[in-house]
Amino acid sequence: QVQLVESGGGLVQPGGSLRLSCAASGTIFSMSAMGWYRQAPGRQRELVARIFSDGDTNYADSVKGRFTISRDNAKNTVYLEMNSLKPEDTAIYYCNLINKVGGHWGQGTQVTVSS
């Protein structure tokens, strides 16, 4: 079955940077669409960024120009580079994979932006 393992979360000061990673297994990664979502306390889960099998990307307006999603098909891994972090970026970040079977989620990694 599909497994997604996120890493790279943590505590960072406003203006700082983090890079999240999500390693996938159990599916043909190169043919899958990958995404990062986040959920803050008391709020619904929202799309942050996604990258399709052809490399096309899209981003939430709130992170455009600050976050970059990328993928390494040789490593079955998707990344989220986060720069100029703000307190409102604080959330649990989830990796998502979509293949022919459907959508799959990782366990999430906490990102906290605070001084």
Once you charge only the Cβ atoms, +1 for Lys and Arg and -1 for Asp and Glu, what is the size of the charge dipole of the chain about its Cα centre, to the nearest 20 debye? 80
Aspartates and glutamates within cross-link reach of Lys75: Cα-Cα under 14 Å, excluding same-chain residues under 8 positions apart? Glu6
In order over the range 11-26: 3J(HN,Hα) from phi, Karplus 6.51/-1.76/1.60, θ = phi - 60°, whole Hz, x for each Gly or Pro, gives 9, 9, 7, x, x, x, 9, 9, 10, 8, 10, 9, 9, 10, 8, x
If the elastic network links every pair of Cα atoms under 10 Å, which of Ser21, Ser70, Ser62 fluctuates the most in the Gaussian network model of the chain? Ser62
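How about the range 28-115: which trypsin sites (Lys or Arg not before Pro) there lie in a loop by DSSP and see at most 12 other Cβ atoms within 10 Å?
Working: sites: Arg38, Arg43, Arg45, Arg50, Lys64, Arg66, Arg71, Lys75, Lys100; in loops: Arg43, Arg45, Lys64, Arg66, Lys75, Lys100.
Within the range 28-115, the qualifying trypsin sites (Lys or Arg not before Pro) (loop, at most 12 other Cβ atoms within 10 Å) are Arg43, Lys64, Lys75, Lys100.
Read-outs: derived from the displayed coordinates by stated rules, not from any lab. On a predicted model such as this, the values are computed, not experimentally measured, just so you know. With ideal geometry, Cβ positions are generated from the backbone for all residues, glycine too; neighbour counts draw on all protein chains shown.
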